[in-house]
Amino acid sequence: MAVVGDGESRALTPTSYVVLGLVHMLQPCTSYDMKQLVNVSIGHFWPFPHSQLYAEPTRLVDDDLLVEEQEDAGRRRRLYRLTQAGEDAFRDWARMPAQDIGELRDEGLLKLFFSDPADRESIATLAAAQVKVHEERIETLSAVRDDVAEDASPAQMATLELGLRWDRTAADFWAEVADNPPG
C-alpha cells in the first residue's frame, strides 16, 4: 500500500511501479520518452499495453506521486517528475523482495502440450520454428546489449543477461525436441 495525496491508502499496481521507475530514470520525461525506453529495455521481459504509459502518470499525479508540468508552447508536452512521496514509494518497492515468480506464457509450449504424440513430424516442425524464434530473440538482445553496454547499470546488464540465458536455454530445449520429438 502507498499513502496517496489525500491520505488514503491504495495499492499501487505493477504498472504504477513501472511508471515510477521510468520517471526515476528519465526525469523529466514524457509518456513518449517512457515508451521509447520500454521498447529497448523492460519491454523484452515485462510486456504491457503502452497506453498505460499515458493513463497511469495522470493517476500518479492525482496521488501526489508525480508532478506534471506542461510546456507553454509547441506541442505542449506533459513532463513528469517524481515527488518525494513518489521517490519513497519507488524506493520502498524496489527494496522489497519479489514474491511472485515470472509468468511463462509461451504459445509454443502450449501447442507442444496439446500436440498429438502420433504426429511427430508436426512436433518437429513446431520445435524447429521455436528454435528460430529464440535465436532471433538472442540476436535482438545481443544487439541491445552491445548498444547499451556503456550506459547501462550493472543491474540492468544482469537483467539482460538473464534474458539471453533464458532464450539460449529455450533454443537448446526446442532443438532437442526437433531432433527427437516426443511421441
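Just a few scattered comments:
- Degrees separating the helix 154-179 axis from the principal Cα axis of the chain, which is the longest one: 20 degrees
- Simple Cβ-charge dipole of the stretch 38-80, Lys/Arg +1 and Asp/Glu -1, about Cα centre, in debye nearest 20: 280 debye
- Our coupling estimate for the stretch 47-60, obtained by passing each phi through the Karplus curve with A = 6.51, B = -1.76, C = 1.60 and θ = phi - 60°, is x, 7, x, 4, 4, 5, 6, 9, 7, 5, x, 4, 4, 6 Hz, Gly and Pro reported as x.
- Helix axis angle, 120-148 relative to the chain longest principal axis, alpha carbon, degrees: 40 degrees
- Sum of side-chain charges, P181 neighbourhood, beta-carbon under 15 Å (Lys, Arg +1; Asp, Glu -1): -3
- Only one residue of G102, A143, L12 has its Cα farthest out toward the positive end of the dipole of the chain, where Lys and Arg carry +1 and Asp and Glu -1 on Cβ, and that residue is L12.
- Between the helical axis of 84-95 and the longest alpha-carbon principal axis of the chain there is an angle of about 30 degrees.
- The mean sequence distance of close C-alpha pairs (under 8 Å, at least 6 residues apart), as a share of the length of the chain, puts its relative contact order at 19 percent.
- Label of the coordinate-derived value, Rg/Rh (Cα atoms, Kirkwood Rh), listed as (i) 1.14; (ii) 1.66; (iii) 1.09: (iii)
- Other residues whose C-beta falls under 12 angstrom from the C-beta of A128 contribute a net charge of -3, scoring Lys and Arg +1 and Asp and Glu -1.
- Put simply, the amide H of R10, placed in the peptide plane, has neighbours under 5 Å in A2, V4, leaving out anything fewer than 5 places away on its chain.
- Farthest towards the positive end of the charge dipole of the stretch 107-179, among the residues A129, S115, A178, is the Cα of S115, using unit charges on the Cβ of Lys, Arg, Asp and Glu.
Every number in this text was worked out from the coordinates using simple rules, so none of it is lab data. The structure presented is a predicted model; accordingly, all values stated were derived computationally and were not measured. Glycine also receives a Cβ, built like all others from the backbone with ideal geometry; neighbour counts cover every protein chain displayed.
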